[in-house]
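K.L.:
Quick one: the structure is below, and I'll ask about it shortly.
Bear in mind these aren't lab numbers, they're just calculated from the coordinates by the rules spelled out. The shown structure was predicted, so the numbers you read here are calculated from the model rather than taken from an experiment. Cβ placement follows ideal geometry from the backbone for every residue including glycine, while neighbour counts extend to all protein chains displayed.
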Amino acid sequence: MNIQNAKKWGLLLLLVLFWQMPLFADSIKVTSIEALQKAINNARPGDVIILANGTYTTTEDIRVDRKGAPGKPITICAETIGGAEISGLGGFDLVKPAAYIIIKGFKFTHRSSRAKTAGGTRFCRWTQNIFENTGDGEDLTIAGSDHEIDYNTFQNKNAMGRFLAIRGTGSQIAERLHIHHNYFNNYVSQGGKNGAETLQFGLSGFSLSSSNSVVEYNLFEHCAGENELISVKASAVTLRYNTIRDCPAQFTLRHGNKSKVYNNYFINTPGLRIFGDDHLVSSNYFENCKPAIFIGNGDGEVADGARLTVHDRPDRVVIIYNTLVNNRQNFVMTARKNGLGATYTTFANNIIQGGGPAAVIAGPYPGAKWEGNILFNVMDAGSMPSDGYTTADPKLMKTKWGYYVGGNNPAVKNSKFYYPNVRADLDDHGPVANYVLTPEDVGYNAIKK
């Protein structure tokens, strides 16, 4: 080969290599909604699109259908956290095949039900945003899978709808979500109307599908939209390390099975209400609640063909290692005409100190197991059988946020009952392993980056 041909072949090789190389990602700053939409339409993996600080009014949704890549997400962000406000008629609408998209640092005051990720979207993240939308509807709706919703502040809602609504596709709930370190604050009562939950995880049509999602380290304060604060209508959801404080609304496992609720703090709230089967409720802390734990009196049995919308009879629910302090009602089932009650419930190794009767069961309760509970200074044992508890001082340790069980406590050392597959035990109520969250721990301004 002569030199001239070698040069030609060398040039051709360089051109081939050039076209095979990935294009460099860009940082693009825009100053209008029109420029923002154009930048999104042309975005490539790794691009960072920055909306300059200011207030912007939309007339339609900002559509996102681009795909980032693992390690190279497309980031759409405000110039500074909370510095770019989007008002008007439209919000970010992530639609299939959107993937690896980050929405970060905005303040949303636009019409409700406009911020959403549709079914078929994957691996997207909403982080460090402020949601303060207007009108009826949801502030944020998630229908796709593998998404992360973290360090957002949802605040000051006075309309029907939800701060955060989880949906799915067909009869399958969104899967593998991670919802953490969000602050839900100040949802004004809607006068008893249904449809104003703070967090609604699913609908009855999704209830038999498993989500395998985690909801953790979130703080709920002053949320009174309706009687249900958190409503879980799906299966296999883990809710842990959350703090619910001063909310006159109840956390409800409304439809679905096999959820886990552990290491949460319930303070001055109507506590936890349970329907469905095979749930684990472990190592939670309840103080000044009415009630603390409500076991449902079912009016139907889904496993026998009842409609998904019934109050499904609780079966095989395990309630263990919880600490209940100064609650006006502790463990309760209320009466229901022709109620089916609950079956094969385990209530074991719980500490109940102060407050009203330890248990009041006003419905069918066959196959119940009561073991190893400790009662101290309660009004009376109520419906709890005498062989299901001992009366003793649990020697709870007082902290600025409440009471917890120390590692040397006889309630721990002398427990003769063992329950496998329990994620956490009494010691996790300590101030190091777990603690009551404050607004400084969560929300858009809790991380400085």
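K.L.:
List, in the order given, every pair from LYS67/LYS233; LYS72/LYS116; LYS193/LYS260; LYS96/LYS260 whose Cα-Cα distance in the structure shown is over 26 Å. Working shown, then result.
P.N.:
Working: LYS67/LYS233 30 Å; LYS72/LYS116 22 Å; LYS193/LYS260 28 Å; LYS96/LYS260 31 Å.
Long pairs (Cα-Cα over 26 Å): LYS67/LYS233; LYS193/LYS260; LYS96/LYS260.
K.L.:
Which residues' amide hydrogens lie under 5 Å from the amide hydrogen of ARG328, considering only partners 5 or more residues apart or on another chain, with H built in the peptide plane?
P.N.:
CYS289, GLY356
K.L.:
Compare GLY144, GLY170, GLY119 in a GNM of the chain, Cα atoms joined below 10 Å, and give the one with the largest fluctuation.
P.N.:
Its mean-square fluctuation being the largest, the pick is GLY170.
K.L.:
Would you please give the residues with an amide H less than 5 Å from that of GLY443, counting only those at least 5 places away or on a separate chain, with H modeled from the backbone geometry?
P.N.:
TYR151, ASN152, ASN182, TYR183
K.L.:
State the antiparallel share, in %, of DSSP beta bridges confined to the range 120-441, rounding to the nearest 5. The partial results should precede the final answer.
P.N.:
Working: 5 of 97 bridges.
Here the antiparallel bridges make up roughly 5 percent for the range 120-441.
K.L.:
Would you mind working out the magnitude of the charge dipole of the range 278-335 relative to its Cα centre, with +1 at each Lys and Arg C-beta and -1 at each Asp and Glu C-beta, to the nearest 20 Debye?
P.N.:
On the way: 5 positive and 7 negative charges, 52 e Å.
Using only the charged Cβ atoms, the result is roughly 240 debye.
K.L.:
If you keep only loop residues by DSSP, which chymotrypsin sites (Phe, Trp or Tyr not before Pro) in the range 71-130 have at most 16 other Cβ atoms within 10 Å of their Cβ? Walk me through the numbers before you get to the answer.
P.N.:
Numbers: sites: PHE92, TYR100, PHE106, PHE108, PHE123, TRP126; in loops: TYR100, PHE123.
Within the range 71-130, no chymotrypsin sites (Phe, Trp or Tyr not before Pro) qualify (loop, at most 16 other Cβ atoms within 10 Å).
K.L.:
Across the range 208-274, what fraction of all alpha-carbon pairs, as a whole percent, falls in each successive 10 Å bin from zero upward?
P.N.:
23, 55, 22, 0
K.L.:
Which of rounded, prolate, oblate describes the range 231-363, given a ≥ b ≥ c as roots of the alpha-carbon gyration tensor eigenvalues and a/c under 1.5 marking rounded, otherwise prolate only if a/b is larger than b/c? Intermediate values should be presented prior to the final figure.
P.N.:
Values: a/c = 1.75, a/b = 1.41, b/c = 1.24.
Verdict is prolate for the range 231-363.
K.L.:
State the answer as a single residue: which of GLN200, SER113, TYR344 lies farthest towards the positive end of the charge dipole of the chain, with beta carbon charges of +1 for Lys and Arg and -1 for Asp and Glu, about the Cα centre.
P.N.:
Going by the charge dipole, the pick is SER113.
K.L.:
For the range 304-322 and the range 267-285, compute the distance between their C-alpha centroids and round to whole Å.
P.N.:
So the two Cα centres are separated by 12 Å.
K.L.:
Shifting gears a bit: Putting +1 on Lys and Arg Cβ atoms and -1 on Asp and Glu Cβ atoms, find which of MET333, PHE92, ASN158 reaches farthest to the positive end of the dipole of the chain.
P.N.:
Farthest along the dipole direction, towards plus: PHE92.
K.L.:
Oh, and also: Tell me, what are the semi-axes, in whole angstrom and largest first, of the equivalent ellipsoid of the range 164-250 as set by the roots of 5 times the Cα gyration tensor eigenvalues?
P.N.:
Semi-axes from the Cα gyration tensor: 22, 16, 9 Å.
K.L.:
At 222 nm, what helix-only mean residue ellipticity would the chain give, in deg cm²/dmol to the nearest 500, using -39500 (n - 2.57) for each DSSP H run of four or more?
P.N.:
Working: 3 runs with 31 residues, N = 449.
So the helix-based figure for the chain works out to -2000 deg cm²/dmol.
K.L.:
Can you run the Rg to Rh ratio on the chain? Use alpha carbon positions and the Kirkwood inverse-distance Rh. Don't jump to the answer; show the numbers that get you there.
P.N.:
Working: Rg = 25.5 Å, Rh = 23.5 Å.
Dividing the radius of gyration by the Kirkwood radius yields 1.08.
K.L.:
Between the range 190-261 and the range 68-96, what is the separation of their alpha carbon centroids in Å?
P.N.:
26
K.L.:
To continue, here is another question. What size of dipole, in debye to the nearest 20, comes out for the range 24-119 about its Cα centre when the only charges are +1 on Lys and Arg C-beta atoms and -1 on Asp and Glu C-beta atoms?
P.N.:
Details: 13 positive and 9 negative charges, 55 e Å.
Computed about the Cα centre, the dipole is about 260 debye.
K.L.:
Hey, another quick one. What whole-number value in cubic angstrom gives the convex hull volume per residue for the C-alpha atoms of the range 24-119? Let's see the in-between values first.
P.N.:
Numbers: hull volume 7.9 nm³, N = 96.
Once divided by residue count, the hull of the range 24-119 is 82 Å³.
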